[in-house]
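Okay, so here's the structure we're looking at.
The values are calculated or read from the model by the stated rules, or taken from the named source; none is laboratory data. Please read all numbers here as calculations on a predicted model, not as lab measurements. In this analysis, Cβ positions are derived from the backbone assuming ideal geometry, glycine residues included, and neighbour counts consider all displayed protein chains.
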Amino acid sequence: MTVEGVNGFDLGEVSLTGELVRMQLKKSGTDEFHPEIKKILRASTDKDIESFKISKSRESDMLAKSRAHARELKLQMKLSEIELQADGKKGTFFYTADDRIDFRELIRIFANEFKVKVEMRQIGIRQEAAKVGGIGSCGRELCCSTWLHDFKSVNTTAARYQNLSINQTKLSGQCGRLKCCLNFELDTYLDALQAFPDYADNLQTAMGTAFLIKKDIFKNLMWYTLPNNTKHFPLTIERVKEIKKLNQQGITVEELEAVEITSKNKEVEPEFVELVGQISLRSLEKNDRRRRDQERNYRAPQGQHPNGPRPNNGPRPQGPNQNGPNGPRPNNGPRTQGPNQNGPRPNNGPRTQGPNQNGPRPQGPNGPRPQGPSQNGPRPEDGNNA
């Protein structure tokens, strides 16, 4: 929506309508007819939106140049953000500073260079963190940049009421100040501490003066320590009130009668169980054995003769060319199937010429093979020819 601006117009978004707006104004203490509330002029046109985008694109360059001018003038200030009006006629410069700054010369430089009406607005450290934004230690987006707009003072007393250690690093937020969330649960702690007795910091006992070191509002216990003793003694609220009443009468108690603190039973983690001996591996062994048998059957045909396995035809008859150079071979029975080329073969017809050049085979599968023309001539039978 296009709203009324300073000598021009500005753009805004409608975030709430109806009776909820009046409730929020009442909550913040703002008058509905306050003159600072801008009037809505019209619904934004394309020209208004384009002018708004041009003004927003100038902000980053203006911020860098304005910081450079502030350093040249040696001003102890930090410029955090610049907001330009949608029509580009006014610029609001947000800065943080510890002391009062005389920036009259800086305003003249900004007006001459940027050609806008300059407004310098000082903000606090928390407001600066809200504008920058970020993620807190809780893992959520910063409260000041989402919903928290009313910043209250926070001191270390809130941390002491909640029994927190005074660690400045852990208690500080991204702004460098104490976290705003320290005040969120402070009222609950103050209500719970009303049940604890006052002026019970010291208790008189026969072993010495007991000093209060901690109050546990969740268990309703008060922890004391004795001199020359490092042990901590938890006492109930009723026992502290009783001892305090006896001390007012001038009676010193012999013992504090501390409460025994029982720790929570830790969940028993399941122990490691050895299951190797309980799991049967027979099915895996059967699958492995079946796989090896399949691989063996697959490799067996590759080593046989290309014409198929040879039949078992009994011992071969001795021939003039079938004996080795050392005489006839002994009859060792049927030969196994394999790649040997000298065993009996079935009747497969005339054989083509191959690596054996000793002539054609006989026609009968069991008959003696006749002598054929050998390329090397007949071998002597005495086996002495080398």
Count of the stretch 22-52 residues which are surrounded by 10 or more Cβ atoms within 10 Å (Cβ to Cβ) and either in contact (Cβ under 8 Å) with a residue 24 or more places away in the chain or in contact with a Ser or Thr (Cβ under 7 Å, 6 or more places away or on another chain) (or both) = 10
Enumerate the helices (runs of 4 or more DSSP H) found wholly within the stretch 91-182, keeping only those where 3 or more residues are under 30 Å from Q24 (Cα atoms).
-> 125-132
Quick check: is even one residue across the stretch 124-137 more than 40 Å from the chain's Cα centre (by Cα) and of a type in the set (S, T, N, Q)?
-> no
Is it fair to say D198 is at pLDDT 90 or above, exposed (fewer than 11 other Cβ atoms within 10 Å of the Cβ), out of contact with any Cys (no Cβ under 8 Å at 6 or more places or on another chain) and not aliphatic (A, V, I, L, M)?
-> no
Do we find that L79 is closer than 24 Å to A130 by Cα, surrounded by 12 or more Cβ atoms within 10 Å (Cβ to Cβ) and under 40 Å from the mean Cα position of the chain (by Cα) in this structure?
-> yes
